[in-house]
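> Here it is: the structure, laid out below.
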Amino acid sequence: MKGIASIALGTLAIAAAPMWAQAQAPAPPGSPSKPQRLSDERTLSRWAYANDRVHARRKPDSGSKAVGRLRYETEDGYPEIYLALRSAFDSKGAEWVLIRLPMRPNGTVGWVPRSALDKFHAVRTFLDIDRKRLRATLYRNGKKVFSAPVGVGKSSTPTPPGNFWIRERLRNLGGGGIYGPLAFGTADYSVLSDWPGGGVIGIHGTNQPGLVPGRPSHGCIRMHNSDIVHLDKLMSVGTPLRVR
């Protein structure tokens, strides 16, 4: 678990996708298309594995400045996934996808060729972490289906806010250790940039339940073991995450 700070760590079919989720036709040659939304990061979101280790670009153009690069695995060796935000066709008729990138600085996005990503998977869940109320809330199709207290980062090592997603699920952790029975790896990176593996923020159980709710961690999000087990039954990888 080297990639998780302190630590720090389903796919659903779409019965009737909203209009913004429908595939768009390629633009006529010489005429770039207007970007179309793929995910609203609340009620319907799409993610994909990487097909190729290409550079992500600032604009949907192969000549645009690189802002990052795709990879096949997370810091913990699990298949890396990318949250897809928008799609567009360039002036040559090639399709591009705007994705969130798991890297520093948090919140980095970039455009990659559609061919660099595998097929899209869809989720209708959304996880909200409220650092003020010390509460985690999971929504499905916009309706609350789960809520539990959490422990977050202390003032010197806060849990960074922003829009992220669940990248991996780590199971079989023994149940009695400091991480509890399981953990979720997120795309949120802690202020501890020198942490082994990069300081990935995780959501995990705990062997110190008395510290939840509270602000005891190096950035990770702690939950009671019974709550993390319940959440595991409701939330899949690819679920958008908001930390506020």
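The values are calculated or read from the model by the stated rules, or taken from the named source; none is laboratory data. Since we're looking at a predicted model, the values are computed, not measured. Quick reminder, even Gly has a Cβ in these numbers, built from the backbone with ideal geometry, and neighbours come from all protein chains shown. For the accessible areas, the whole protein counts, side chains as well, though only heavy atoms, and no ligand, DNA or RNA atoms are used. Shrake-Rupley method; radii C 1.70, N 1.55, O 1.52, S 1.80 Å.
> Checking R242 against (1) over 19 Å from Y82 (Cβ atoms); (2) open to solvent by 50 Å² or more (accessible area, probe 1.4 Å); (3) within 16 Å of the chain's Cα centre (by Cα); (4) not acidic (D, E): exactly one of these is not met. Which one?
All conditions are met except number (1).
> Out of contact with any Cys (no Cβ under 6 Å at 6 or more places or on another chain), in a loop (DSSP other than H, G, I, E, B) and modelled with pLDDT of 95 or more: which single residue out of G174, G185, G210, G238 fits that description?
Selected residue: G238, the only one of G174, G185, G210, G238 that is out of contact with any Cys (no Cβ under 6 Å at 6 or more places or on another chain), in a loop (DSSP other than H, G, I, E, B) and modelled with pLDDT of 95 or more.
> Would you point out which residue out of D90, D76, D118, D52 is among the charged types (D, E, K, R), farther than 29 Å from V150 by Cβ and crowded, with 19+ Cβ neighbours inside 10 Å?
Exactly one residue qualifies, and that residue is D90.
> Among the residues of the stretch 208-231, is there at least one that is open to solvent by 10 Å² or more (accessible area, probe 1.4 Å) and either touching an Asp or Glu at 6+ places or on another chain (Cβ under 7 Å) or under 21 Å from T43 (Cβ atoms) (or both)?
Checked the stretch 208-231: no residue is open to solvent by 10 Å² or more (accessible area, probe 1.4 Å) and either touching an Asp or Glu at 6+ places or on another chain (Cβ under 7 Å) or under 21 Å from T43 (Cβ atoms) (or both).
> To continue, here is another question. From the list I166, I81, pick out the single residue that is more than 30 Å from L211 (Cβ to Cβ), open to solvent by less than 10 Å² (accessible area, probe 1.4 Å) and at pLDDT 95 or above.
It is I81.
> Hey, G30 hits all of (1) out of contact with any Phe, Trp or Tyr (no Cβ under 8 Å at 6 or more places or on another chain); (2) open to solvent by less than 70 Å² (accessible area, probe 1.4 Å); (3) modelled with pLDDT under 55 but one; which does it fall short on?
Of (1) out of contact with any Phe, Trp or Tyr (no Cβ under 8 Å at 6 or more places or on another chain); (2) open to solvent by less than 70 Å² (accessible area, probe 1.4 Å); (3) modelled with pLDDT under 55, only one is false for G30: (3).
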